[in-house]
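Asks: Just passing along the structure, written as structure tokens.
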Amino acid sequence: MEKPYDFKTIEEKWQEYWREKATFSAENFSAKPRYYALDMFPYPSGAGLHIGHPEGYTASDILSRYLRARGYNVLHPMGWDAFGLPSEQHAIQTGTDPRINTRSNVDTFRRQIQRIGFAIDWSREVNTTDPHYYRWTQWIFLQMFKHNLAFVDKRPIWWCPALKSVLANEEIVDGLSERGRHPVERRPMRQWILRITRYAEKLLEELDGLDWPDSTKRQQIAWIGRSQGAEVDFPIRNSEKCLSVYTTRPDTLLGATYLVVAPEHPVLETITTPEQRDAVSDYQQKTAKKSDLDRTDLAKTKTGVFSGAHAAHPLTGEPLPIWVSDYVLMSYGSGAIMCVPAHDARDFEFAQLFHLPICQVIRPVDTDVDATIPYCERGILCNSGEYDGLTSNAAREAIIDCLEAGGMGRRQVNYRLRDWLFSRQRYWGEPIPIVWVGEGDFAAILRTPGSPFLEFMPSEPVCYEEGGQKFYAVPLSSTALPLQLPPTESYPPSDDGESPLARLDSWVSVWIHPQTGEIRSRADGRPSDEWVPARRETNTMPQWAGSCWYHLRYMSPACETAPVDPKIVDYWRAPDFYIGGAEHAVLHLLYARFWHRFLYDIGVVPTKEPYPRLFHQGIILGEDGEKMSKSRGNVVNPDAIIQSSGADALRLYEMFLGPLEAVKPWDARGIEGIIRFLKRTWKFYSEVSVDGGCDGDETQRLLHESIRKVREDIEGLRFNTAIAQLMILLNHLQKLPRISRFTAESFIQLLAPFAPHICEEIWEQLGHRESIVRAPFPNFDSQWLTRDAVIIVVQVNGKRRGEICVSTDAAESDVLEKARVCGSVLPHLRGREIVKEVHVPHRIVNFVVH
RNA sequence: GCCUGGGUGGCGGAAUGGUAGACGCAGAGGACUUAAAAUCCUCUGACCGUAUGGUCGUAGGGGUUCGAGUCCCCUCUUAGGCACCA
């Protein structure tokens, strides 16, 4: 009597089994080869799991299950990136503690992920909002602080009035907030900044050795934006000062006809002439009001004003007018440029607009090349005095040498990368473990030997000035961590952008004891004279912080003495495989590389790079071929698929849709084929007779070919073609009344990484007591991969005219003779002269005839 | 504007320079059934032909090659990234 394929019962049974037996726990030290497969952990949103999540998770799961069956000690963990804006917004709207909402979202995500049957070691689950976790996020921050990589600055930052939040450069897209697409403006605010720029060179260098998608590497290279050139000093007329500019084209120096400074450039204060004062101030005010969207819009014609001042050309002494324009950015280089309108498109446009002189100093090497001005390529110098006739490359070196000799310039490397704005005026983030004290108290702390506050004290103190008073940053000691997020009733930031934490005065205002490191609320009154007043930092860290090092925490999630146990990280090293969306190509992946590299530099981890091998799964589009979104109403819910078709079907279908890296649309009808495949598998095993006999040659051949193909395809992440091969194999087996035990078991084992539940069930029905996970993956026998005879296609002039069957070891002359007399080929050869015979063994014969 | 990927049947897709369209969906016909669903079998790129078969065909145009979806050049198109970075 045939039982129907009851996927719900089967799947829940085995999920329970795996959970109870901790089937997928990873050993920290094992003689087996190790493999660490890492998924980008999800942000547990209120919307629940999205169809895109299981795509990458299934891929890493198939790989994990396969390698486990190949004898590897596999670590495949999961966790939650649970700090973030949506939970905070929810708290603001409902007034409920984001901890409550976050906990329930995490529970939902865990339940949903477990219902898909991933081979995850749940004992290693991490959560960035857990104080046991963020204790170490704070610790790493303090290490950066200690190493002078964290500082504060009052600088104009992006402020989004709608979100009431400051945003990082990276969170602005097209002049709008990445989240919510709200307008943003500049506002000066005291901010924590991490000196990622100090790591620019290291981050660039190591990129080369990573097994990453090329496009992602290219994006990071572009983001870091290393450029090589020179800083050139132009002495300002009637002044002691110089105006320094950065250029990547020192070879065009003799073609510089004017200078332009950014409207924010401090030099304007002193050099602007009285006649031009009003015009310059007016222009400065106008640009301050402009959004960056307006300011960087290339379509806009350039604007600018003359400052009235001149600077001397460092080589000729020629006076060059200094202009002001917002096409020069204060944040890059020195905020000033030399303009060579003949050889730069932007300078050319500006020079034309304001009738500034244009002087050509480069001509093309090849006279056929279009030399229309502006000519922006390299070439041969002209109108450049002693440098005439030199190539751009030679001239660049000669000119920089001359500038350096005269103290008028120097070689310089610049990066497009900006320092990382690391503070948020938010509640739902890691508190920054810093208190602020006055100048005298700070000096006292420095003079206190053995003070716990000296543990993370940097060599260069971090301070800021407010109301004529200086405040110094004092780092909490590691024993004071975690600095827990205090409970509050009110979540919105204030209108001036201060964090909600700033309102908790009993938390913010504290006494600290320099000798003991104790901290007490100031609400309680000063305990004794030794205690000094301090104020806590009220900013929190951005969401990126927790995801910068979670790959390490999985290794030793309960470690109480370090972010990661040194012995255990020595064992696991770094994830062997990391999979996640391409949208993280620069932000998360650059920040995490920075933190990880820093941890390497201070000896916490043994590897320079966190993710040696990276893969991006392509997004799954809605059935209409558009990105899934609530507003389009094309969202596919994984829960509904599991309900109607089962987790095995969901897993298989997501992998069968197409190549893992491709962007591909969902098709609700397509999953029918997968369901049929699973039902046929079920039915086949309940009917077929599995005996000790042998299979026919054809069956053996197909089985061993399939084993090879599936193994290779899993290793190459070509899951769609692996599944196709399993379908071909089943289509064949289905026709047989009986199969051997080896064949019966092999097919199920090949399918098991993809559809683990049904395979566990069938495995059990085949008489096994232990989980299929424990069974070694089948090997192919290469004797079945070679054939005695092979079909060869015969072409005449490249057109297929017939086929012949020849033995694999047939001599070439025999093959050609057989091809020549082949019935369907003969008519095409008759009366023609064969001028060439091409024979590719085991593949093709081609006769070239006249 | 610049830098990357893509463009193959009605659809998702498969093809180490060597039989284009594997596998699956959808569609057509048939078997089973009182009937439907499910299942199973056959067919299914276009055109011509009763048929053996032939011609065309991988966005378009050129090229290399005995042979090109695959390599090279140009054009169109689409997705992603960057965008006054001096």
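The values are calculated or read from the model by the stated rules, or taken from the named source; none is laboratory data. All values derive from a computational prediction rather than experimental measurement. No Cβ is skipped: glycine too gets one built from the backbone with ideal geometry, and neighbour counts run over all protein chains shown. The protein model used for the area step is the full one, side chains on, heavy atoms only, and it has no ligands, DNA or RNA in it. Shrake-Rupley method; radii C 1.70, N 1.55, O 1.52, S 1.80 Å.
Asks: Of the residues A:Ile236, A:Ile221, A:Ile193, only one is touching a helix residue (DSSP H, G or I) at 6+ places or on another chain (Cβ under 7 Å) and over 18 Å from A:Ser334 (Cα atoms); which?
Replies: A:Ile221
Asks: Being on the phi > 0 side of the Ramachandran plot and within 52 Å of the chain's Cα centre (by Cα) is the filter here; which residues of the stretch A:803-850 pass it?
Replies: Passing the criteria: only A:His842.
Asks: Limited to the stretch A:799-811, what total is found for residues that are open to solvent by 40 Å² or more (accessible area, probe 1.4 Å) and closer than 20 Å to A:Glu833 by Cα?
Replies: Number of matching residues: 3.
Asks: Just a yes or no: is a residue in the stretch A:212-233 assigned to a helix (DSSP H, G or I), surrounded by fewer than 14 Cβ atoms within 10 Å (Cβ to Cβ) and among the basic types (Lys, Arg)? Quick ask: steps written out before the conclusion?
Replies: Filtering the stretch A:212-233 for residues assigned to a helix (DSSP H, G or I) gives A:214-224.
Still in the running and surrounded by fewer than 14 Cβ atoms within 10 Å (Cβ to Cβ): A:214-215, A:218, A:222.
Subsequent filtering for residues that are among the basic types (Lys, Arg) retains A:218.
Among the residues of the stretch A:212-233, at least one is assigned to a helix (DSSP H, G or I), surrounded by fewer than 14 Cβ atoms within 10 Å (Cβ to Cβ) and among the basic types (Lys, Arg), which makes the answer yes.
Asks: Please indicate, with yes or no, whether at least one residue in the stretch A:160-171 is of a type outside the set (S, T, N, Q), surrounded by fewer than 19 Cβ atoms within 10 Å (Cβ to Cβ) and without any contact (Cβ under 8 Å) to a residue 60 or more places away in the chain.
Replies: Looking through the stretch A:160-171, at least one residue is of a type outside the set (S, T, N, Q), surrounded by fewer than 19 Cβ atoms within 10 Å (Cβ to Cβ) and without any contact (Cβ under 8 Å) to a residue 60 or more places away in the chain.
Asks: A:Ala523 - would you say it is outside any loop (DSSP other than H, G, I, E, B) and without any contact (Cβ under 8 Å) to a residue 60 or more places away in the chain?
Replies: yes
Asks: Can you tell me which of A:Ser547, A:Ser556 is over 24 Å from A:Pro458 (Cβ atoms), part of a helix (DSSP H, G or I) and modelled with pLDDT of 90 or more?
Replies: Criteria check complete, one pass: A:Ser547.
Asks: Can you tell me which residues in the stretch A:1-36 are open to solvent by less than 40 Å² (accessible area, probe 1.4 Å), in a loop (DSSP other than H, G, I, E, B) and over 22 Å from A:Met78 (Cα atoms)?
Replies: Correct list: A:Tyr5 only.
Asks: Taking the condition of being outside any loop (DSSP other than H, G, I, E, B) and modelled with pLDDT under 90, how many residues in the stretch A:467-501 meet it?
Replies: Number of matching residues: 0.
Asks: Related question: Here is a list: A:Val166, A:Val126. Which entry is β-branched (Val, Ile, Thr), touching a strand residue (DSSP E or B) at 6+ places or on another chain (Cβ under 7 Å) and at pLDDT 80 or above?
Replies: Only one candidate passes the filter, namely A:Val126.
Asks: Please specify each residue of the stretch A:315-364 satisfying the condition of being assigned to a loop (DSSP other than H, G, I, E, B), in contact with a strand residue (DSSP E or B) (Cβ under 6 Å, 6 or more places away or on another chain) and within 23 Å of A:Val413 (Cα to Cα).
Replies: Matches in the stretch A:315-364: A:Val328, A:Gly333, A:Ser334.
Asks: Let me ask something else about it. For the stretch A:186-202, enumerate the residues that are in a helix (DSSP H, G or I), open to solvent by less than 80 Å² (accessible area, probe 1.4 Å) and more than 16 Å from RNA strand B (Cβ to nearest atom).
Replies: Within the stretch A:186-202, the subset in a helix (DSSP H, G or I) is A:196-202.
Checking which are open to solvent by less than 80 Å² (accessible area, probe 1.4 Å) leaves us with A:196-197, A:199-202.
If the condition is that a residue be in a helix (DSSP H, G or I), open to solvent by less than 80 Å² (accessible area, probe 1.4 Å) and more than 16 Å from RNA strand B (Cβ to nearest atom), then A:Tyr199, A:Lys202 are the ones that fit.
Asks: Okay, moving on. At least 1 residues that are under 30 Å from A:Gly646 (Cα atoms) in each: list the helices (runs of 4 or more DSSP H) lying fully within the stretch A:58-151 that qualify.
Replies: Because the criterion is at least 1 residues that are under 30 Å from A:Gly646 (Cα atoms), the helices (runs of 4 or more DSSP H) in the stretch A:58-151 that meet it are A:98-114.
Asks: Looking at the stretch A:773-798, which of the residues that are surrounded by fewer than 18 Cβ atoms within 10 Å (Cβ to Cβ) and in a helix (DSSP H, G or I) is farthest from RNA strand B (Cβ to nearest atom)?
Replies: Step by step, filter the stretch A:773-798, then rank; the result is A:Arg774.
Asks: For a quick check of your reading of the model, give me the residue pairs whose first member lies in the stretch A:406-433 and is open to solvent by 20 Å² or more (accessible area, probe 1.4 Å), whose second is among the basic types (Lys, Arg) and away from RNA strand B (no atom under 14 Å from the Cβ), with beta-carbon atoms closer than 6 Å and at least 6 apart or on different chains.
Replies: Listed by first residue and then by second, the contacts come to A:Asp419/A:Arg195.
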